[in-house]
Amino acid sequence: MLLIEKVGHYYSDHMALEDVNLEIAQGELVSIVGPSGCGKSTLLRCIAGLVRPSQGQISLNGKEITDVPDNLAVVFQDYSRSLLPWLTVRDNVALPLRRRGGSKAARRAAAVDALEAVGLANAAHKYPWQLSGGMQQRVSIARALAYQPALLLMDEPFGSVDAQTREDLEDLVLRVRKRGMTILLVTHDIDESVYVGDRVIVLGRAPGRVVADLAVGLPTARDQITTRELPEFVHMRAEVGRLVRGNGQTFNPGPPFSS
Amino acid sequence: MTEHNPRARRLSRSGRWLRGAAGLAILIAATEILGRSGIVDRSSFPPASDILARAVGLAGDPDFQTNLLSTIKAWALGLAIAVVGGVPLGLLIGGVPAVGTALRPILEFLRPIPSVALIPLVGLILGAGIRTESTLIVYAALWPVLYNTIYGLQDVDPVAKETLRTFGFGRLAVMWRVSLPAAAPFIATGIRLAAAVALILAVSTEILSGFGEGIGIFIAQAQSGIDSAKDVLAGTVWAGALGLIINAVLVKAERRLFRWHAAQSGGRS
């Protein structure tokens, strides 16, 4: 579904991504993990069509991405800035549906359905700023769900919530994936990348490139306690952890200040 | 317990009113004493009670009502044109970088010209009356509206704009759905500032042009009448009251419309 070929991107003073090649199939839930500043977010922005990569190309269903593709939704880390404070929760969720047409009543009904799916049906008439951070991020997720995108991109979606909320939201992602969309989740949290993903892509230090592409051998039904004590989970998080830290692997980027 | 709540330490609503009223009472008492004791010449500086009584009396005077209405009309017309023109122009300058760079030098040249200095010029071209008055009001009131729109747009959160873009909204739709509402509180403040400037221009134009209708005309003509100081000051009280009412109404409207803005900027810890 999504094909990333030889993608590189540099900003005026530094290289953010270099020679990234990936293929992602329909319905996959892929975690992209890497140290901070490795270009994870840049890669996501390239896929979203917000940034045009300096090199290589990205295509969605065989069509090169030159602008924001249709059928795409992004959940940003900064929920408080991504939601519109002058609209109620329901109207925030209903707004993107304008792109899909349909009557106002139908859009609002779809919004309420999506809010129900994330457990916020009774917050529909509140304003985003009246909700806690975790609830606001649920609203962002509901907004993406209501839109029913083929591809859902999440950029550090749980980076600004507390640990308990984070676990709840991870499980929410596992639930919503059953709707059949392809999900790309960018995170710097190693445990999260393993717990949520079917596949973990590890990006190395800047300029980011794919260091490893690992299949997660965990059962589809997961829960925060038992999944995390499975030998496969423990093993995998250690492996990803070593890769992210950049030791215990054949590829060695060398000391950072050598050149 | 109450220490945790900073609001509890502030004066209550009636308390603030009471303090404001006390300040006003002291001022009135002071002018009263100055005027009645003969420290200042009573005919050139009448006591507050005389001025206020005259101001109240003017409210029932049909001639003065015509003047008041005429000023309000010119003010409203000028302000409306400034808003209807200033907001879209601001959106264009703030939203389309090419237009912004092209117009900036012209704006930077025009802006420092005090609008009052243009009264003789515009009066010469358009003659005395509502056309001159409104033209000058438009010119003066345009700046706060225009600049607050431009700065409001610069302050719009890029994440909010990108969110809508990723949902496939085009530039114009993002402008309409995100940038304009996000900038609206700034624009409203600009309009409130413009409303005050517009009133200043309305009254000054009237005073300087010297004939026609308006509070400024009343004040200018009162100068040469009997009881001149009392009439001039009573007219001034009306101009001030008008400004006060306009400001209060607009502040109230802003609070009501932009509850989200106050909640967001004040509610963040």
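The values are calculated or read from the model by the stated rules, or taken from the named source; none is laboratory data. Values in this document were obtained by computation on a predicted structure and should not be read as measured data. Note: ideal-geometry Cβ built from the backbone for every residue, glycine included; neighbour counts use all protein chains shown. The area values use the complete protein model at the heavy-atom level, side chains included, leaving out ligands, DNA and RNA. Shrake-Rupley method; radii C 1.70, N 1.55, O 1.52, S 1.80 Å.
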**OP:** Specify which residue in the list B:GLN223, A:SER140, A:VAL200 is farthest towards the positive end of the charge dipole of the protein assembly as shown, using unit charges on the beta carbon of Lys, Arg (+1) and Asp, Glu (-1), about the Cα centre.
**Re:** B:GLN223
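Based on alpha-carbon positions alone, could you give the equivalent ellipsoid semi-axes of segment A:111-240 from the gyration tensor, as √(5λ), descending, whole Å? Intermediate results must be reported in sequence, preceding the final value.
Numbers: eigenvalues 149, 50, 42 Å².
One finds semi-axes of 27, 16, 14 Å for segment A:111-240.
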Original post:
How many partner chain Cβ atoms sit within 10 Å of a residue's Cβ in peptide A:82-90, on average, as a whole number?
Top reply: 5
Subject >> Contact surface B-A: accessible area buried, both sides summed, square angstrom, 1.4 angstrom probe >> reply: 2200
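Counting each pair of different Cα atoms once, what's the Kirkwood radius of chain A in Å, rounded to one decimal? Let's see the in-between values first.
On the way: mean 1/r = 0.0526 Å⁻¹.
By the Kirkwood definition, the hydrodynamic radius is 19.0 Å.
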**OP:** Report the relative contact order of chain A, percent, no decimals, based on alpha-carbon pairs under 8 angstrom and at least 6 residues apart.
**Re:** 25
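Assuming 0.36 nm per residue, please report the length gained on full extension of the stretch A:ALA25 to A:ASP223 beyond their Cα-Cα distance.
That pair, A:ALA25 and A:ASP223, stretches by 68.8 nm at full extension.
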**OP:** Run the accessible area of segment A:81-148 with a 1.4 Å probe and give the carbon-and-sulfur part as a rounded percent.
**Re:** 46
Original post:
How about segment B:141-173: which of its residues lose at least 20 Å² of accessible area in the presence of all protein chains relative to their chain isolated, using a 1.4 Å probe?
Top reply: B:ASP157, B:VAL159, B:ALA160, B:GLU162, B:THR163, B:LEU164, B:ARG165, B:THR166, B:PHE167, B:GLY168, B:PHE169
Original post:
What do the square roots of 5 times the Cα gyration tensor eigenvalues come to for segment B:153-210, in whole Å, largest first, as semi-axes of the equivalent ellipsoid?
Top reply: 39, 10, 6
Original post:
How large is the convex hull of the Cα atoms of segment A:81-148 per residue, expressed in Å³ as a whole number?
Top reply: 73
**OP:** Measure nothing fancy, just the Cα-based angle from helix A:104-117's long axis to the longest principal axis of chain A, in degrees from 0 to 90, nearest 10.
**Re:** 60
Subject >> Folded to 0 to 90 degrees: helix B:48-59 orientation relative to chain B principal axis, Cα >> reply: 70
Original post:
Which residues' amide hydrogens lie under 5 Å from the amide hydrogen of A:PHE158, considering only partners 5 or more residues apart or on another chain, with H built in the peptide plane?
Top reply: none
**OP:** Pop out a list of residues from segment B:222-269 that are at least 10 Å² less accessible with all the protein chains around than in their chain alone; 1.4 Å probe, no ligands or nucleic acids counted.
**Re:** B:ARG259, B:TRP260, B:ALA263, B:GLN264, B:ARG268
Subject >> Vicinal HN-Hα couplings computed from phi for segment A:225-231 (Karplus, 6.51 cos²θ - 1.76 cosθ + 1.60; Hz; Gly/Pro x) >> reply: 8, 6, 4, 6, 9, 5, x
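Over chain B, what is the relative contact order in percent, taking alpha-carbon pairs closer than 8 angstrom and at least six residues apart?
The value is 23 percent.
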**OP:** Set Lys and Arg Cβ to +1 and Asp and Glu Cβ to -1, take the dipole of segment A:31-138 about its Cα centre, and tell me which of A:TRP86, A:SER36, A:CYS46 lies farthest positive.
**Re:** A:TRP86
Original post:
Where a Cα-Cα gap under 13 Å defines reach, which aspartates and glutamates qualify for A:LYS126, not counting those fewer than 8 residues away within the same chain?
Top reply: A:ASP91
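Using only the Cα atoms of segment B:1-158, build the gyration tensor, take square roots of its eigenvalues as a ≥ b ≥ c, and label the shape rounded, prolate or oblate: rounded if a/c is under 1.5, else prolate if a/b is larger than b/c, else oblate.
Working: a/c = 2.67, a/b = 1.31, b/c = 2.04.
Oblate, because a/c is 1.5 or more while a/b does not exceed b/c.
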**OP:** Just report the Cα centroid separation between segment A:93-137 and segment B:183-224, whole Å.
**Re:** 47
Subject >> Cut-off under 5 Å, modelled amide H: who pairs with A:VAL74 long-range >> reply: A:LEU153
Original post:
Convex hull over the alpha-carbon atoms of the protein assembly as shown: what's its volume per residue in Å³?
Top reply: 237
Subject >> Normalised convex hull volume, segment B:61-267, alpha-carbon set, Å³ per residue >> reply: 135
Subject >> With all protein chains modelled, accessible area of B:ILE207 [1.4 Å, Å²] >> reply: 70
Original post:
For segment B:198-214, in order, what is each residue's ³J(HN,Hα) by Karplus, 6.51 cos²θ - 1.76 cosθ + 1.60 with θ = phi - 60°, in whole Hz (x at glycine and Pro)?
Top reply: 4, 5, 4, 5, 4, 5, 5, 4, 4, 4, 6, 7, x, 9, x, 10, x
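Could you tell me the calculated FRET efficiency between B:ASP61 and B:LEU244, based on Cβ-Cβ distance and R0 = 25 angstrom, to the nearest 0.05?
0.75
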Subject >> Taking segment A:81-148 and dividing mean pair separation by its residue count, relative contact order in percent (alpha carbons under 8 Å, at least six apart) >> reply: 46
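Between A:ALA238 and A:MET15, what is the FRET efficiency for a Förster distance of 51 Å, r being their Cβ-Cβ separation, to the nearest 0.05? Walk me through the numbers before you get to the answer.
Details: r = 29 Å, r/R0 = 0.58.
After rounding to 0.05, the efficiency reads 0.95.
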**OP:** Return the long-range amide H neighbours of A:LYS126 (sequence gap of 5 or more, or a different chain), with a cut-off of under 5 Å between placed amide H atoms.
**Re:** A:VAL89, A:ARG90
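When ligands, DNA and RNA are left out and all protein chains stay put, how many square angstrom of accessible area per residue does segment B:61-267 have with a 1.4 Å probe?
Values: 10280 Å² over 207 residues.
Averaged over the residues of segment B:61-267, the accessible area is 50 Å².
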Original post:
With every protein chain present, what is the per residue accessible area of segment A:81-148 (1.4 Å probe, Å²)?
Top reply: 39
